[in-house]
Ligand code: SF4
C-alpha cells in the first residue's frame, strides 16, 4: 500500500464521557460475579462491546430481560426516565453511566417543558440518546431532523418554543436548522451553553484542520456511532476526495495512497488507531496535527462511588489492613485510562 504519510488528527478517540462509561463498567466487572447486565451498548463501538461480552457482560435492549436482583449498568447515551425507574424496581444494583453532557440536555427538556414550552429537539430519529432525551417529556418534545420538519410545525399556536440538540451533531447539521428555527420563532429559547459537546466539536475541528492536506481520510468507529458518522460527513463536506470509515485495520481498502488523514470517533479505542496506522505503514512517517488538548475528567457515577467506597471499607475490615494500604478506588479511577483497562484485557487488535 503506497501510503507516504499519515496525519493524525488530535483530539480523536475516547472522550471524557466514554472514559467514564468504560471505566464504570470495568469496575462493575471487577466487583460483581458475572453476569453483569448493561442496558444498550455501553458505548457505540463493536470492539469495546465484544470485549466486555468476553468478560461476562450481557447487553440487553429491554430491562425486563435482566433477572431481578442482578447488577445493571445504564449506557452513556442516557436512558428514558421510566426505564431507569423500572431498572431500579428490579432490586439489583443499578449504575447509570450517562454522560453529564447528556444529563444537561435532559435537565433542559424537563425545565422547559414544565414552563410550558414546546421543545424542538434536533436529533437523529431512533438514536438511543434521542430516544432517552425525548422520553423526558414526550408530550412537549418534537423531533426535528430537516427544514421540512420545521415547516410542518406551523406556528405552534403561539406557544413558547425552545430549541435543544443531540450532543453529537455536527456543527453543520445544527447551524442551518438553528438559523431557520430562529427565523420562524423569533422568541426562540436556546441554552446559554450549546448542547453540542466539546468532544464532538473538537474532533470535527481537528479533522477540518487536516482535511485539505489529505488525499484520503480514514474515520475509525462504528456505523451506529453518531459522532463517528458526523466525522464522516465533515470529511466529505471538506472536499476530501476519498473518505472511508472502518471498525478495524482489516477493513482498510488496499488502494489508499499519498497522504492519509486519520481520526477516530469518541468511542473508538486508541489501540485501533495504532493498528490502523501500522497497517497503512506510511513510508515517510506519521505527524500529529493538534487543534487543542482535552483534560476533562468525569468521575464515576455516584452509585458506583458509594459502592466502591463500601467495598474498599469492607476489604479493609476483613483483611485488617492498615488504613494507608487500602486502595482508594476513586483515586485509582482518575489515575487509570479506559484504554489501559481495555489493553489489559488484551482483546483489541495489536498494532
Ligand atoms: S461524545 Fe460528548 S456527549 Fe457523548 S459521551 Fe462523549 S463527551 Fe459525552
Rounded to the nearest 500 deg cm²/dmol, what is the calculated helix-only ellipticity per residue at 222 nm for the chain, with -39500 (n - 2.57) per DSSP H run of length n ≥ 4?
-12500 deg cm²/dmol
In Å³ and rounded to a whole number, note down the convex hull volume per residue for the Cα atoms of segment 187-289.
114 Å³
Taking just the alpha carbons, could you work out the radius of gyration and Dmax for segment 86-211, both in angstroms?
15.7, 50
Geometric extent, Cα atoms of segment 90-144 - Rg, Dmax (angstrom):
12.3, 37
Taking the chain as a Gaussian network, where each spring joins two C-alpha atoms under 10 Å apart, which residue of 132, 17, 91 fluctuates the most?
91
Under 16 Å from the 7 Å Cα→Cβ point of residue 153, by amide nitrogen: which residues of segment 160-175?
160-166, 174-175
Projected convex hull area of segment 29-168, Cα atoms, direction-averaged, in nm², equals 9.2 nm²
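How big is the shadow of the Cα convex hull of the chain, averaged over all directions, in nm²? Could the numbers behind the result be given before it?
Working: hull surface 78.7 nm².
Mean projected area for the chain: 19.7 nm², to one decimal.
At a threshold of 8 angstrom on Cα-Cα distance, excluding pairs fewer than six apart, so keeping six or more, what relative contact order does segment 78-140 reach in percent? Kindly include the intermediate steps, with their values, before the conclusion.
Details: 50 pairs, mean separation 31.4, N = 63.
RCO, segment 78-140: 50 percent.
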Could you work out the relative contact order of segment 100-184, using alpha carbon pairs under 8 angstrom and six or more residues apart, expressed as a whole percent?
37 percent
Contact order relative to length for the chain, counting C-alpha pairs under 8 Å separated by 6 or more residues, stands in percent at 26 percent
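As a test of the definition: which semi-axes, in Å, follow for segment 37-86 when you take the square root of five times each eigenvalue of its alpha carbon gyration tensor? Largest first, please. Numbers along the way, then the final one.
Values: eigenvalues 69, 36, 10 Å².
Computed over segment 37-86, the values are 19, 13, 7 Å.
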In Å, the C-alpha Rg and Dmax of segment 1-75 are 15.9, 56
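Every number here is computed from the coordinates shown, using simple stated rules; none is lab data. Computed from a predicted structure; not experimentally measured. Quick reminder, even Gly has a Cβ in these numbers, built from the backbone with ideal geometry, and neighbours come from all protein chains shown.
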